[in-house]
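Let me begin by presenting the structure, written as structure tokens, before commenting on it.
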Amino acid sequence: MAVIDSVTYKEISDLINNAQVRGNDIYSNIEQMDTDLEDSEILSTNIHRQFLENVIAETLGVINLRHIVYTDQMRDFVRRLQIHVDINYSGTINEYLSNNSIQVLPIFADISDVVGFSIDAANIESIS
């Protein structure tokens, strides 16, 4: 079996990274909505406010489980991707990245590290 081509690898790693980033952005926006509600003049005993606070808390919990914390599925996918490269490329993940001029985004690199495939700083795209 041939190793995944560099363009596809980069596209996949960017998609995984960006999926996690979107979760962070969504979480921050909903958290801000909760803060705005707390700072509002609506009485804390108001039933509609309490309902909204409960929905916000539940939503934050779901976002945390699916987008902030790396899900089992996300970790498993990245692990399998890196194993595929490791098995089918005659070199390490870092050699594959370097030799194919691939720089992955930071969150993808972190997930990869979590699943046992550390990526050298030189192979991680710096975000300004």
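None of the figures in this text is laboratory data; all of them are computed from the coordinates on show. Because the structure is predicted, anything quoted here is derived from the model rather than measured. Methodologically, a virtual Cβ is constructed for each residue, glycine included, from the backbone with ideal geometry; neighbour enumeration extends over all protein chains shown.
Give the residue from GLY91, ASN24, LEU60 lying farthest towards the positive end of the charge dipole for the range 6-123; charges sit on Cβ (+1 for Lys and Arg, -1 for Asp and Glu) and the dipole is referred to the Cα centre. Going by the charge dipole, the pick is GLY91.
Each residue of the range 19-33 is assigned a 3J(HN,Hα), and the resulting list reads 5, 5, 5, 4, x, 4, 5, 4, 4, 4, 5, 5, 4, 5, 4 Hz, derived from the Karplus form 6.51 cos²θ - 1.76 cosθ + 1.60 (θ = phi - 60°), x at Gly and Pro.
So what is the calculated 222 nm ellipticity per residue for the chain, using -39500 (n - 2.57) for each DSSP H run with n of 4 or more, over all residues, to the nearest 500 deg cm²/dmol? Walk me through the intermediate numbers first.
Numbers: 5 runs with 84 residues, N = 128.
When only DSSP H runs of four or more count, the value is -22000 deg cm²/dmol.
Label zone of ASN24 (point 7 Å out along Cα→Cβ, amide N under 12 Å): in the range 39-71 this covers 68-69. Relative to the longest principal axis of the Cα atoms of the chain, the long axis of helix 47-63 lies at roughly 10 degrees. Global dimensions of the range 1-67 from alpha-carbon coordinates: Rg and Dmax equal 18.7, 64 Å. Each Lys and Arg contributes +1 and each Asp and Glu -1, all at the Cβ; summed about the Cα centre of the chain, the dipole is approximately 480 debye.
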